[in-house]
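Just so you know, all these numbers are worked out from the coordinates, no wet-lab data involved. Note that the coordinates shown come from a computational prediction; the quantities given were computed from them, not determined experimentally. Here the Cβ positions follow ideal geometry from the backbone for every residue, glycine too, while neighbour counts run over all protein chains shown.
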Amino acid sequence: MFENLSNDDISTALEELINCLGVKEEMPFRDILLLLRKKDTQGCVQEVASRLGLPIRISLSYVPKDFKPGNTDRFQTGALARTDWTGRGIESITAQVAIPQHLPMFGTSGLQGYLIEVRVSENCHEHPETFVAIMAHELSHVLLASLYHPQKDNELHTDLVPIILGFRDVVQEGRKAVESTTIGDETTTYTTTYGYLTDSQFDFACNHIRNILERHQRQKKRVTELGEQLHHKLRIATRGLARFRDYLRYLDAHPVKKMSQNDALRVVKFHGCDYTRDWEINITHARNSLGKAERFVRPLNHYTDSAVKQIEEHIKDLEWASEQIDQLIKGITRDVRTLQKYVSLLYRLRNSLWLRWVQSA
């Protein structure tokens, strides 16, 4: 159907969808197939809808495997079958999804739990990967319709949605169903291809999405790396601050008889009620930035425009916080060195052991 489309045409369609939907990392699909193998077709279809981001409820019904789908009774045709070069193929696995004329808009409360009617053929369990690939396509029609997307009726765009939203592997495995027949010593194999993309177009689309994902995943990894670095620096800063306070208490309890004038002036300054306030504020800010970044990237597998912008913001926040903690560590280290000149060696050793124990607890 789309044999004459160029890679540029595919790229343009992908970018139109990505601007609206973002891209998702590949999602494991063995658990979906397991539902189908357990004959839990309802659960399987519901899970496909959920992974596409649709908060709908599925009303499932079966039709005979020789049922011929049509555009009647509000149902979207879903045979999606193209046969091999012989013009023959296996019995078609059919899926039909009813798309109401006034479907609630995506993101509104009206779509939450909205009932969508789905018809599937009785033989849907015979080729699990194929059935999941078909359902991902058919429910993509619902997704685009709920978004009021200008290409909601375009089969090219609909075929690309599962590729964008994490169904690449299962579509790769399910888009071709193979059956063989043997008569005497001769075996004939028939292949049925589901979907509208040619093999080369499908491969191009998958590679295009993988390249985009790799770029986003590098940014996500950058957040993780900066977070690990900042976590290490915060441990150093926190330990240094504890040592500073402990040494200052030691000096208060063990006044020294001889101290350089410069050090004496600094020790007096150390006793100011707000001397460590900026240190504490910077440590708190850094911890907050670290916590927010970790909570954001840990479950992240869907890269929308908003998510990508937030990744960039977290990178900037972590880089700034890391620079502030670097300066803080330098200041703490300088002041600790001033104090430790007047702290006994034995006490310094005991203090180091205690701090290590606290950090490891």
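Points to keep in mind about this one:
- In region 220-275, trypsin sites (Lys or Arg not before Pro) in a DSSP loop with at most 14 other beta-carbon atoms within 10 Å: Lys257, Lys258
- Taken over the Cα atoms of region 270-314, the convex hull encloses 60 Å³ per residue.
- FRET E, pair Arg295, Lys257, Förster distance 56 Å, beta-carbon r, rounded to 0.05: 0.60
- Taking packing as the residue-averaged number of other Cβ atoms within 10 angstrom, the listed peptides 114-121, 49-56 run from highest to lowest as 114-121, 49-56.
- Rounded to the nearest 0.05, the FRET efficiency derived from the C-beta distance between Glu319 and Ala98 at R0 = 45 Å is 0.35.
- For region 269-323, the set of chymotrypsin sites (Phe, Trp or Tyr not before Pro) satisfying both a DSSP loop assignment and a count of at most 12 other C-beta atoms within 10 Å is empty.
- Counted over region 212-360 with a bin width of 10 Å, the fraction of Cα pairs per bin, in whole percents, is 10, 33, 26, 16, 10, 4, 0.
- Listed pairs Lys39/Lys309; Lys316/Lys341; Lys257/Lys330 exceeding 30 Å between Cα atoms: Lys39/Lys309; Lys316/Lys341
- The amide H of Thr94, built 1.01 Å from its N in the peptide plane, has Ser121 as neighbours under 5 Å, considering only residues 5 or more places off or on other chains.
- Rounded to the nearest Hz, the phi-derived 3J(HN,Hα) couplings of region 152-165 under the Karplus curve 6.51 cos²θ - 1.76 cosθ + 1.60 (θ = phi - 60°) are 5, 9, 8, 5, 5, 4, 5, 5, 7, 4, x, 5, 6, 9, where x marks glycine and proline.
- Taking a straight Cα-Cα cut-off under 13 Å and skipping sequence neighbours fewer than 8 places away in the same chain, the aspartates and glutamates within cross-link reach of Lys152 are Glu16, Glu138.
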